[in-house]
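Notes follow the structure.
The numbers here are math on the coordinates, done by the rules we state, and not lab data. Just so it is clear, the model here is predicted, and its values are computed rather than measured. Here the Cβ positions follow ideal geometry from the backbone for every residue, glycine too, while neighbour counts run over all protein chains shown.
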Amino acid sequence: MGLIAIDARNVRQGQTTGLGRVALNLIRHIAALDDQHEYLLIQRTDLEAPIVSSPRFRAIYLPYDIASIRNYFRFGRVIARYRPTVYHSLHSFLPLDMPKNIKTVVTVPDFNWIQRPAIAGKTALRGWLSSLHGKPMHAYSIKIADQVVCISHQTKKDLFALYPHTTTPVSVAHLGVDTEALRIGPVRPEITRYTESRFILSIGSGRASKNPEGTIRAFAHLIGRPGYEDIRLLMVGRIDALPKLHMLVQKLGLEDDVDFTGMVSDAELAWLMTHALLLSFPSFWEGFGLPVIEAFALGCPVIASDISALTEVAGGAAWMIKNPHNVDELFQGMQTIIDDKNIRDRLIQDGLRKAASFTWEASARSYLDLYHYLCE
């Protein structure tokens, strides 16, 4: 039996991001499956309650982010005080002062900061600046880690393309979906007011890599045609890029047809996916694409790009577009799913079957195997 330290600082109070949802679900399922090890959860100071209530889990709270410069240079000394057997980073990077006697696991979602910095950040400039430290930190973390886990085979392929001389063991553990957990919690009236509306859903509107502009332009083509005037577009996500998107909406004359919801809770996201006509997810690149399998599991048809990990995750169950830059191709997908009941029903059933193959339990068991191995 060992002490496993899991860094859960991607979980933020009042905000549900993709990385935060991964951390929450993974930790909760590990807690349900493992009765051998003790756990130390590293959480943000603004988190009001422990992620897991169990005598085998205790939490420590830190005031700085897992991706901060302060973390790179100071966290190793902090974690050394607790003497864990294993430290698991859910953010790709390891601190520069990590004690050598602590075994390390690093989960890598993707390499966007290195491969596509212009669309990886809130702005192109911030993306390029982030790549300046992302490149050496990825190289360092992969080199010194005892185990590297990629969330898709595409990410593993990218890892070896970027670092062909990697000797660290690299495995793949897909993400999962838990619809019951997603639905827990209240849904605000601002969201339920769409009960009687027809709407298309877009997630990740604050990131250029999610191609929100493509969704907006395709939507403009759609509602410009007779019979679609009542359909709305709901843009969910951080407000980082909203000024630019607002200008595009105004330019296209869509001010009365597009709503920016900002961040939503898990329960609200589940509600939107359950009621949406479809999820538009024409990303330029994905390390996995968690919203896609969540939409599948909730019976929401999906349009996704036939590229990167989306081919691996969504292939055969979504309406796949070959070129996410092609607005007409995206528009055709929207129109077909809305008009053709047979295709819509087939996509829903295929999505439900596909989602069933992605479980947090399977992901948690993969990590538990690594913990057991490293502790031994």
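Before moving on, here are some points about what is shown:
- Ordering N71, L47, I6 by the projection of their Cα atoms onto the charge dipole of segment 1-122, which places +1 on the Cβ of Lys and Arg and -1 on the Cβ of Asp and Glu, puts N71 at the extreme positive end.
- Rounded to the nearest 20 debye, the dipole size of segment 180-355 about its Cα centre is 140 debye, using +1 on the Cβ of Lys and Arg and -1 on the Cβ of Asp and Glu.
- Computed over the chain, Kirkwood Rh from alpha-carbon pairs, angstrom: 21.5 Å
- Phi-derived couplings, Karplus 6.51 cos²θ - 1.76 cosθ + 1.60 at θ = phi - 60°, listed residue by residue for segment 286-297: 9, x, 7, x, 4, x, 5, 6, 5, 5, 3, 5 Hz, with x used for Gly and Pro.
- Proximal lysines to K100, defined as alpha-carbon separation beneath 17 angstrom and excluding residues fewer than eight positions away on the same chain: K143
- Highest average first, the peptides 169-177, 284-292 ordered by how many other beta carbon atoms sit within 10 Å of their residues are 284-292, 169-177.
- Shape parameters for segment 180-355, alpha-carbon atoms, Rg then Dmax in Å: 14.7, 40
- Loop-located trypsin sites (Lys or Arg not before Pro) in segment 161-252 whose Cβ has at most 16 other Cβ within 10 Å (DSSP): R183, R193, R198, R238
- Charge sum, other residues only, whose C-beta stays under 9 Å from G185's C-beta, Lys/Arg counted +1 and Asp/Glu -1: -1
- Among the trypsin sites (Lys or Arg not before Pro) found in segment 281-367, those both in a DSSP coil and sparsely packed, with 10 or fewer other Cβ atoms within 10 Å of their Cβ, are K322.
- Residues whose placed amide H lies under 5 Å from that of T104, excluding near-sequence neighbours: Y87, D146, Q147
- Principal-axis analysis of the Cα atoms of the chain puts helix 242-251 at an angle of about 10° to the longest axis.
- For the chain, size of Cβ-based charge dipole, Lys and Arg +1, Asp and Glu -1, in debye: 1200 debye
- Using alpha-carbon coordinates, inclination of helix 124-144 to the longest axis of the chain, degrees: 40 degrees
- Per-residue HN-Hα couplings for segment 110-116 [Karplus 6.51, -1.76, 1.60; θ = phi - 60°; Hz; x = Gly/Pro]: 5, 10, 4, 4, 9, 7, 9
- Anisotropy class of segment 5-85 from Cα gyration tensor, a/c 1.5 cut: oblate
- Shape analysis of segment 65-162 yields a ratio of the Cα radius of gyration to the Kirkwood radius, Rg/Rh, of 0.98.
- Charging the Cβ of each Asp and Glu at -1 and of each Lys and Arg at +1, and nothing else, the dipole of segment 17-136 about its Cα centre rounds to 340 debye.
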